[in-house]
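K.L.:
Shown below is the structure under consideration.
Just so it is clear, none of the values below were taken in a lab; they were calculated from the coordinates. Values in this document were obtained by computation on a predicted structure and should not be read as measured data. Heads up, the Cβs are rebuilt from the backbone with ideal geometry, glycines too, and the neighbour counts pull from every protein chain shown.
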Amino acid sequence: MTNGNGSPFEDGAPPQLNVLAQYIKDFSFENPNAPNSLSAQEQQPSISIQINVAANSMGENDYEIALAIEGKAESGEMLLFSFELSYAGMFRIQNVPQDSLHPFVMIECPRLLFPFAREIIANAVRNGGFPPLLLDPVDFVGLYRQNLARQAELQQQGKPS
C-alpha cells in the first residue's frame with residue numbers, strides 16, 4: 001500500500017484521525033452596555049478576533065486540542081459585546097510519522113473543530129441581540145507557520161518560547 005506519492009506508509013497502514021469527543025471547555029459572552037449597545041450605530045463596529053491553538057498529549061495516540069477564540073465588537077468608545085470560547089476535541093491519531101505529527105495535530109485537528117466553534121459564537125452573538133457574527137475561515141497552515149517563525153525569532157533572541 002502507498003501513501004499517494006508512491007512511497008509506502010509507515011508500518012504499512014495509512015494515517016488515521018478519529019474524533020473521540022468535542023466539547024466546550026469554557027465560554028463567556030458579555031453585552032455590558034445593553035440596551036444602549038443594541039440601538040442602531042452610526043458606523044460599522046470594529047471587530048477584533050484572536051485565535052490560539054493548544055495541544056496536550058493524553059496518552060500514546062490521544063490528544064486534546066483546544067481552540068481559544070476571543071473577540072469583541074466596539075463602536076467608538078462603547079463595547080458592544082465580547083466573548084471568549086475554549087472549544088476542544090479529543091483526537092486519536094495513528095500511523096502518522098513522528099516528524100509530521102506536530103503539524104498534523106496543530107493544523108488538521110483545529111480545522112475540524114473550527115466550524116463548530118464558529119457556530120457557537122454566531123449563535124451567542126445572535127442571542128445577545130446582534131446579527132450573527134460569522135467568522136471567516138481560518139488558515140491554520142498560515143497560523144502554524146506564523147507561530148513557528150515567532151518561536152524561532154524568540155530562540156534567536158535567547159528568550160524562552
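K.L.:
Taking the Cα-to-Cβ direction at Gln41 and at Asn61 and moving 7 Å from each Cα, how far apart do the two end points lie in nm?
P.N.:
Going from the Gln41 label point to the Asn61 one covers 4.8 nm.
K.L.:
Taking Cα atoms, how many degrees apart are the long axis of helix 140-156 and the longest axis of the chain, rounded to 10 and kept between 0 and 90?
P.N.:
80
K.L.:
Also, I was wondering about something else. Taking the number of other C-beta atoms within 10 Å as the exposure measure, put Glu77, Glu60 in order starting with the fewest.
P.N.:
Glu77, Glu60
K.L.:
What FRET efficiency would be calculated for the residue pair Ser100, Asn52, taking the C-beta separation as r and a Förster radius of 30 Å, to the nearest 0.05?
P.N.:
The computed FRET efficiency comes out at 0.85.
K.L.:
Go ahead and estimate [θ] at 222 nm for the chain from helices alone: -39,500 (n - 2.57) per DSSP H run with n ≥ 4, summed, over the residue count, rounded to 500.
P.N.:
-8500 deg cm²/dmol
K.L.:
Follow-up question, since we're still on this one. Using only the alpha-carbon atoms of the stretch 9-87, report the extent along each of the three principal axes, biggest first, to the nearest angstrom.
P.N.:
62, 22, 15
K.L.:
Arrange Arg92, Arg150, Arg118 by Cβ neighbour counts within 10 Å, fewest through most, would you?
P.N.:
Least to most surrounded, the residues fall as Arg150, Arg92, Arg118.
K.L.:
If the convex hull of the alpha-carbon atoms of the stretch 107-161 is projected onto planes in all directions, what is the mean projected area in square nanometres?
P.N.:
5.0
K.L.:
Enumerate the residues in the stretch 115-143 having an amide nitrogen under 13 Å from the point lying 7 Å beyond the Cα of Ala34 toward its Cβ.
P.N.:
It comes to 124-131, nothing else.
K.L.:
Here is a follow-up. Could you work out the pair-distance distribution P(r) of the stretch 42-161 from its alpha-carbon pairs, with 10 angstrom bin width and percents rounded to whole numbers?
P.N.:
Reading the bins upward from 0: 12, 35, 30, 17, 5, 0.
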